[in-house]
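What follows is a single structure, written as structure tokens, with notes after it.
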Amino acid sequence: MRTLRWIRLLVGVVGCLAAAPAVLGATGAARVPSGDWLTFDDGVQRSGVGPSDTGIVAGNLGRLRRIVVRLPGTVDSAAVELANVRVRGVRRDVAIMTTSYGRTLALDAATGRILWEFSPPSVRRLEGGPQVTTASPAVDPDRRFVYVSSPDGRIHKLSVASGRQVWSTSVTHDPTREKIAGGLNVADGELIVVTDGYDGDAPSYQGHVVTIDPASGRITHVFNTLCSNIRTLIDPPSRCHASDSAIWGRPGSIIEPGSGNILVTTGNGPFNGRNDWGDSVLELSPSLRLLHNWTPTDAQQLNAQDTDLGSTEPALLPGGTGLAVQGGKSGVLSLLDLRRLDGTSGPAGPRTGGELQRIDAPGAAQVFSQPAVWRAPGGRVYVFVADGAGTAAYTLAGRRLRVAWRSGDAGTSPVVAGGLLYVFDEQQGDLNVFNPRDGHLDRALPAAPGHWNSPIVVGGRIILPVGDDNDHRSSGELFIYHLPGV
């Protein structure tokens, strides 16, 4: 039944992509607001909520036109976009993205034309091999520079106008084992980078958080999730007895409003509540001092069964609730109180448990995506979660989550923008657009299969990279859906 429904929707969308244009202004361009999308999930808190007005509504989804862009690599992450910036001497809307082998591309968002390409020296050596990056870029608040990663373990500061490199800094002593997978973040005058390991968890590596001075590229602080008493980059395995505890969720890091504290979640690894913090939610100060932790009571079992808690990061519920939702490969969502992470207000330590609620993820499947959290007009709080078994919406009632609706459509990290919910079904290769309140499928936009890719929606456009870094390809595709004239 689902295949037939998808075919009907696909046929309908293909027919509509060249339908009548939207209402146009005097210049012929559609009247839509412009805007930026500067980082993964459009903000340092990673809410997954974009602009409230994108120009795209349920009524004009059928008018969208599609551009397919051929890329020199696979973008297994999300793009960023800046509106009306000068690139190559001309003001335009620009989308920026990084391929799995570290090529960073700036595209004209209106046409898909590549304006500049930055390729680190390691590209030719690594291309086609298993050493990759899947981190989304982050734009500096001044909009003049963008921070990107490469699989050689380096972070690069590039000029938005030209792609010229300003500085390059290594955040690992062993990039063959320590991977940069989670998105880059910029908050409180610091660039925040996290590391994890590769499939198979080949020792030795330690997931860690690094802050970098954006002006100089100098590393300012390091927090190692194993051997956390060591405050510098570890040269594995010479200085640490333990391995793993990766930080690999799509957002990389989450910034708490007000305090600026940093939340990260670790994957498989030892936990002792002193120096080793595997399978835990960690709250760090901006200077990377460990403040609190939440470690589930079954952390040892998660580690033994390769059921990483850190396949995703905490999702902060809006509206000053002080609550967060944590998923994981166990297929369970845990509702946490950030003021009492382990059930107490004490410091980080060996205590486990303390969550407010445990509830199944969609289909109780492994969660590799980042939830989107949305406060709807009227005040109701929604949490949208997608996994390989489906998509579901949860609403907050007091200090409990309740299922509002479910769909059998799989998905990567959801995005809410312009009052619509966008979920990329990486299995079927379509971008589903839902009514976020009731789960009605408004449109399925045809794309292609993917992996961890997720869309951005801003300025009358949807930008979606596709493909899977595990295919180790040196080519890829990007889809741009746009209103006529945009």
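The values are calculated or read from the model by the stated rules, or taken from the named source; none is laboratory data. Computed from a predicted structure; not experimentally measured. Here the Cβ positions follow ideal geometry from the backbone for every residue, glycine too, while neighbour counts run over all protein chains shown.
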First in segment 110-128 and surrounded by fewer than 19 Cβ atoms within 10 Å (Cβ to Cβ), second anywhere and small (Gly, Ala, Ser) and in a strand (DSSP E or B), Cβ under 7 Å, 6 or more apart: 122/150
Can you name the residue in segment 200-226 that is touching a residue at least 40 places away in the same chain (Cβ under 8 Å), within 23 Å of residue 307 (Cβ to Cβ) and of a type outside the set (Phe, Trp, Tyr) and is also surrounded by the fewest Cβ atoms within 10 Å (Cβ to Cβ) among such residues? 203
Would it be correct to say that residue 483 is surrounded by 18 or more Cβ atoms within 10 Å (Cβ to Cβ), more than 17 Å from residue 418 (Cβ to Cβ) and out of contact with any helix residue (DSSP H, G or I) (no Cβ under 6 Å at 6 or more places or on another chain)? no
Given (1) surrounded by 22 or more Cβ atoms within 10 Å (Cβ to Cβ); (2) touching a helix residue (DSSP H, G or I) at 6+ places or on another chain (Cβ under 6 Å); (3) of a type outside the set (Val, Ile, Thr), identify the lone condition not met by residue 442. (1)
Exception for residue 26 within (1) among the small types (Gly, Ala, Ser); (2) at pLDDT 95 or above; (3) assigned to a loop (DSSP other than H, G, I, E, B) falls at (2)
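Rundown of residues vs (1) in contact with a Pro (Cβ under 7 Å, 6 or more places away or on another chain); (2) farther than 19 Å from residue 74 by Cβ, yes/no style:
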{"position": "119", "(1), (2)": "no, no"}
{"position": "125", "(1), (2)": "no, no"}
{"position": "140", "(1), (2)": "yes, yes"}
{"position": "147", "(1), (2)": "yes, yes"}
{"position": "151", "(1), (2)": "yes, no"}
{"position": "160", "(1), (2)": "no, yes"}
{"position": "163", "(1), (2)": "no, yes"}
So which pairs qualify, if the first residue must be in segment 459-486 and under 27 Å from residue 85 (Cα atoms), the second must be among the aromatic types (Phe, Trp, Tyr), the Cβ gap must be under 6 Å, and the two must be at least 6 apart or on different chains? 462/481; 464/479
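Any residue at all in segment 467-481 that's under 20 Å from residue 46 (Cα atoms) and not aromatic (Phe, Trp, Tyr)?
No, segment 467-481 contains no residue that is under 20 Å from residue 46 (Cα atoms) and not aromatic (Phe, Trp, Tyr).
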Go through (1) touching a His at 6+ places or on another chain (Cβ under 9 Å); (2) crowded, with 24+ Cβ neighbours inside 10 Å for residue 468 and report which single condition fails. (2)
If a residue has to be under 22 Å from residue 327 (Cα atoms) and either without any contact (Cβ under 8 Å) to a residue 24 or more places away in the chain or not hydroxyl-bearing (Ser, Thr, Tyr) (or both) to count, how many in segment 435-455 make the cut? 8
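Out of all the residues in segment 233-243, is one or more buried (at least 24 other Cβ atoms within 10 Å of the Cβ), touching a strand residue (DSSP E or B) at 6+ places or on another chain (Cβ under 6 Å) and either over 19 Å from residue 294 (Cα atoms) or β-branched (Val, Ile, Thr) (or both)?
Scanning segment 233-243, I find no residue that is buried (at least 24 other Cβ atoms within 10 Å of the Cβ), touching a strand residue (DSSP E or B) at 6+ places or on another chain (Cβ under 6 Å) and either over 19 Å from residue 294 (Cα atoms) or β-branched (Val, Ile, Thr) (or both), so the answer is no.
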In this structure, is residue 44 buried (at least 19 other Cβ atoms within 10 Å of the Cβ), over 21 Å from residue 470 (Cα atoms) and β-branched (Val, Ile, Thr)? yes
Restricting attention to segment 172-194, report how many residues are closer than 17 Å to residue 217 by Cβ, among the polar types (S, T, N, Q) and assigned to a loop (DSSP other than H, G, I, E, B). 1
Looking only at segment 384-398, which residues are among the β-branched types (Val, Ile, Thr), closer than 19 Å to residue 356 by Cα and crowded, with 24+ Cβ neighbours inside 10 Å? 385
Residue satisfying condition, being surrounded by fewer than 21 Cβ atoms within 10 Å (Cβ to Cβ) and among the aliphatic types (A, V, I, L, M), within set 317, 291, 302: 291
State the number of residues belonging to segment 316-354 that are within 24 Å of residue 382 (Cα to Cα), in a loop (DSSP other than H, G, I, E, B) and of a type in the set (Lys, Arg). 1
Please state which of the following conditions residue 363 fails to meet, knowing it meets all the rest: (1) closer than 27 Å to residue 402 by Cβ; (2) surrounded by fewer than 17 Cβ atoms within 10 Å (Cβ to Cβ); (3) at pLDDT 95 or above. (3)
